[in-house]
Every structure is written in structure tokens, then in C-alpha cells.
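Peer 1: Please find one structure pasted underneath; my questions will follow.
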Amino acid sequence: MSSHQSPFQSPQSQPSPPDSPNPIRQQEVTQLLKQVIEPTLKNDIISLGMVRNLRIVDDYVYLRLYVGSHQHQLQTEIQTALSPLSWCKKTYIQLCTIPGVKIAIAVSSGKGGVGKSTTSVNLAAALQLTGAKVGLLDADVYGPNVPQMLGLGKSEVQVIDTPQGKRFLPLESYGIKVMSVGLLAEPNHPLAWRGPVLHKIITQFINEVEWGELDYLLIDLPPGTGDAQITIVQESPICGVILVTTPQQVAVSDVRRSVHMFRQVGVPVLGIIENMSYFIYQNGEQTSIFGSGGGQKLAEELQAPLLGQIPIDPRICAGGDLGEPLTFSEPNSPVGEIFRQIAGAINKTFLSDFFY
Ligand code: ADP
């Protein structure tokens with residue numbers, strides 16, 4: 001992918017508005033909201049999935065605005081955009097942000113073991129190498145191995161008092177702020193959260209970490225696209241999801257399902273990263289062990305950009321075990337270069353006003 005190409009893709013289909021007692025007003029409001037443009041992404045706030053839970057009750061408009069800490073001005077712009085509505089007595093906007101966090105991106109996969117956490121860690125490393133302030137939230141309750149991958153093994157998490165209540169203090173590794181559900185589990189009592197409690201805990205968790213100022217927060221989700229994953233994504237101020245897959249057919253069909261599900265709930269799919277795409281021999285030759293072209297075909301079919309294809313590299317595994325991501329230890333390796341390219345494209349799309 002060229003770095004000029006935006007990894008950002010608007011959702012193909014908008015979520016159908018909830019049953020509204022007045023669909024005409026609902027449509028009228030949606031049309032006006034579509035005139036509010038996010039200046040960096042140059043797209044409207046409806047297509048970007050920033051407006052959720054839009055409801056019109058009597059002559060009042062209620063909505064939630066999911067944005068980054070640098071996008072609060074959109075609130076005023078919405079009020080101005082809706083001011084021509086003669087029937088509207090007042091617009092109530094609930095601003096949903098993670099304090100101090102500009103861009104939150106979820107990393108997801110249809111199933112476990114495809115390299116989702118490896119991708120989260122190396123992408124965080126690549127973004128950090130561009131000079132961005134990066135946080136990584138490991139919300140993978142089934143395999144919270146991000147701390148291990150960043151050399152934070154069994155570190156203790158501190159809780160501090162803030163004016164807003166108790167907050168978890170993130171750990172730090174290579175300049176990346178890290179918090180993991182794994183660090184909260186008691187030894188020998190792996191996280192037994194299931195179903196409905198799971199999403200509540202994680203959503204609450206996302207908001208209870210004292211991140212400070214961050215350009216990016218990557219959220220490593222639990223694998224799968226059950227209700228819990230969807231709700232976490234839907235109820236968090238994330239600007240979209242990156243999906244990780246492998247070329248194997250089963251994983252690929254999982255991703256297809258994921259893309260449809262995220263779009264159905266109005267969460268943009270930023271793109272697909274195909275992991276373990278090929279193997280590079282010492283002489284530089286490449287071979288596709290699991291078959292080739294799957295990622296590209298899928299990206300075309302789903303109209304979601306293929307952000308990168310990561311080769312199989314035993315050093316990724318070793319780096320994970322040693323707690324030193326390959327993108328940090330060998331930024332010029334093929335793996336490091338691909339992650340840095342993806343990071344560059346993400347910067348260009350989301351923070352071009354800050355970096356260029
Ligand atoms: P997930 O988060 O999807 O469950 P992980 O990131 O934990 O998957 O990766 C599973 C295993 O595969 C780990 O041991 C990791 O080191 C290894 N792995 C992931 N990606 C690669 C790759 N491109 N090359 C070699 N090993 C990899």
C-alpha cells in the first residue's frame with residue numbers, strides 16, 4: 001500500500017436508525033449531521049461512525065458523540081448544524097471520549113492465534129517510532145499476553161486517586177503506556193469473565209486508566225465477534241477497527257463475518273492486516289505457505305484496504321518471548337518495515353494536521 005493511500009474506509013452501510021417515532025425528523029437530523037465534516041479525515045461525522053444512539057423524543061434531539069480529545073469542537077459544530085430545525089427545542093449531546101486520548105483504534109480478529117497481539121504490539125512500536133505518544137490496552141481476556149510481549153511480565157498495577165475517582169496507572173515499556181486485563185487477574189485465577197459481564201468490565205476498564213496525553217491508544221480486543229466484542233467497540237470512542245487475519249481460508253471467512261458485523265453496528269473498518277502471509281528464506285526468496293492472494297481478494301471484496309502483509313519470521317516469536325518487539329529491535333527488518341509503513345499511513349490519515 002502506498003503511504004499516500006488512506007487506510008481509512010467509511011462503513012459501506014450505515015446502521016439503520018433505531019425505531020424512531022418520527023422517521024422524517026430522524027432523517028432530517030441525519031442529513032444535517034452529514035454536513036458536519038471532521039477536518040483531518042475530510043469526511044462527515046455520520047460516515048465516520050462518530051454519532052451513535054441518535055434519538056428524537058418529542059421536540060428534543062439526543063445523541064452520543066464518540067470522538068478523540070482533539071475533536072471536541074465538533075460538539076459546537078453539531079449545535080450550529082442543527083440550529084435551522086424549527087421544531088427542535090434543544091439538542092443534548094453526550095460527549096464520549098477517553099480523557100487525553102486522540103485516536104483510539106481497536107485491533108480485532110475472527111479467531112485466536114492469528115497474531116492479533118503480535119500485530120498490536122508491533123504497530124504500537126511502529127507508531128511510537130514515528131514520534132507519536134502511544135498507549136496499548138490489552139483487553140484480550142482469553143489470552144492477555146501483551147505485558148509479556150513488552151517485557152512487563154508480572155508487574156504490579158498501581159491505583160491512584162484522581163478528582164474523577166480511582167484510576168489505574170499504566171505501566172511503561174519502550175515509551176509505550178501499557179495496561180492489560182491480565183495484570184488485574186489473580187495468579188492461578190485466569191479471567192473468568194464471560195458474556196454480558198465481559199463487555200461491561202472492559203468498557204469500564206477502558207475509561208478507568210489514567211493515560212495522560214496520547215496520540216494513539218490501540219485496544220487489543222478478545223478474538224471473535226460476539227456481543228461482547230461488538231459492544232466494546234460500539235461503546236468506546238474508537239475511530240475504527242483493524243482486523244488481523246492469516247491467509248488460511250477459515251481465518252479469512254472469520255474476517256468476512258467480522259467486517260460485516262462491525263459495519264452493521266456502524267463502526268468503521270479501517271483495514272485488514274494479513275499476518276503470516278509468506279516466508280522469506282535466507283537467500284531472500286519468498287514462499288506462501290498458506291496460499292497467497294487471500295488478503296488482497298478479501299480486501300477487494302470487502303472494500304476495506306489491505307494495510308499490510310506480514311511475513312512469517314521466527315524473530316517475531318523470539319521477540320515476543322523476550323519482551324522485545326521485532327519492530328523495535330530490528331526496525332529495518334521486512335516485518336519492521338511493513339509495520340512502519342502501516343504506522344506512516346495511519347499518521348497521515350488521522351494526525352496529518354499534527355505530523356505534517
Ligand atoms: P493472537 O493474539 O491472535 O492470539 P499472538 O499474537 O499471540 O496471536 O500470536 C500467536 C503466536 O504466533 C505467538 O507465538 C507469536 O509469536 C506467533 N506469531 C505471530 N505472528 C507471527 C509471524 N508473523 N511470524 C512468526 N510467528 C508469529
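The values are calculated or read from the model by the stated rules, or taken from the named source; none is laboratory data. Here the structure is a predicted model, which means the values were calculated and not measured. With ideal geometry, Cβ positions are generated from the backbone for all residues, glycine too; neighbour counts draw on all protein chains shown. For the accessible areas, the whole protein counts, side chains as well, though only heavy atoms, and no ligand, DNA or RNA atoms are used. Shrake-Rupley method; radii C 1.70, N 1.55, O 1.52, S 1.80 Å.
Peer 1: Based on DSSP H runs of at least 4 residues, each adding -39500 (n - 2.57), what is the mean residue ellipticity at 222 nm of the chain after dividing by all its residues, to the nearest 500 deg cm²/dmol? Display every interim value, and only then the final one.
Peer 2: Details: 12 runs with 119 residues, N = 356.
The helix contribution divided over the chain gives -10000 deg cm²/dmol.
Peer 1: Hey, any idea what % of region 23-96's accessible area is carbon plus sulfur with a 1.4 Å probe?
Peer 2: On the way: 1780 of 3600 Å².
In region 23-96, the share of accessible area belonging to carbon and sulfur is 49 percent.
Peer 1: Who wins for biggest fluctuation among L221, L322, L48 in a Gaussian network model of the chain, springs between alpha carbons below 10 Å?
Peer 2: In the Gaussian network model the winner is L322.
Peer 1: Compute the relative contact order of region 240-356 as a whole-number percentage, counting only Cα pairs closer than 8 Å that sit 6 or more residues apart in sequence.
Peer 2: On the way: 161 pairs, mean separation 25.5, N = 117.
Rounded, it is 22 percent for region 240-356.
Peer 1: Still on this structure: Let me know the longest stretch in the chain that avoids all GluC sites (Glu not before Pro) found in a DSSP loop with at most 10 other C-beta atoms within 10 Å. Walk me through the numbers on the way to the answer.
Peer 2: Numbers: sites that count: E156, E285.
Between the exposed loop sites, the longest stretch runs 1-155.
Peer 1: Right, something else. Given 0.36 nm per residue, what is the gain on full extension from L95 to K166 after removing their alpha carbon distance, in nm?
Peer 2: Going from the current span to full extension adds 23.5 nm.
Peer 1: Determine the per residue accessible area of region 30-141 with all protein chains present and a 1.4 angstrom probe, expressed in square angstrom.
Peer 2: On a per-residue basis, region 30-141 sits at 36 Å².
Peer 1: Only Cα pairs within less than 10 Å get springs; with that Gaussian network setup on the chain, which residue of P331, P147, P222 has the largest fluctuation?
Peer 2: Comparing P331, P147, P222 in a Gaussian network model of the chain, the most mobile one is P331.
Peer 1: Could I have the simple spin-label model distance between W87 and N283, label points 7 Å from Cα toward Cβ, reported in nm to one decimal?
Peer 2: So the two model labels end up 7.4 nm from each other.
Peer 1: Once you've got the GNM for the chain with C-alpha springs shorter than 10 Å, pick whichever of Q229, Q128, Q94 has the biggest mean-square fluctuation.
Peer 2: Q94
Peer 1: Applying 1/(1 + (r/R0)^6) with R0 = 35 Å to the Cβ-Cβ distance of Y62 and K42, what FRET efficiency is obtained, to the nearest 0.05?
Peer 2: Given R0 = 35 Å and the Cβ-Cβ separation, E is 0.80.
Peer 1: Per residue, how large is the accessible surface of region 246-356? Use a 1.4 angstrom probe and give square angstrom.
Peer 2: Spelled out: the 1.4 Å probe surface of region 246-356, per residue, equals 45 Å².
Peer 1: Separate question: Could you work out what % of the accessible surface of region 101-355 is carbon and sulfur, using a 1.4 angstrom probe and leaving DNA, RNA and ligands out of the count?
Peer 2: Of all accessible area on region 101-355, carbon and sulfur atoms account for 50 percent.
Peer 1: Also: Could you state the angle between the C-alpha long axis of helix 249-264 and the longest principal axis of the C-alpha atoms of the chain, as a value from 0 to 90 degrees rounded to the nearest 10?
Peer 2: 20
Peer 1: So, one more: Compute the acute angle (0 to 90°) between the alpha-carbon long axis of helix 116-129 and the principal axis of greatest extent of the alpha-carbon atoms of the chain; round to the nearest 10°.
Peer 2: Once rounded, the angle reads 80 degrees.
Peer 1: Normalised by the residues of the chain, what does the relative contact order come to in percent, with Cα pairs under 8 Å and at least six apart?
Peer 2: Working: 724 pairs, mean separation 83.4, N = 356.
So the answer I get is 23 percent.
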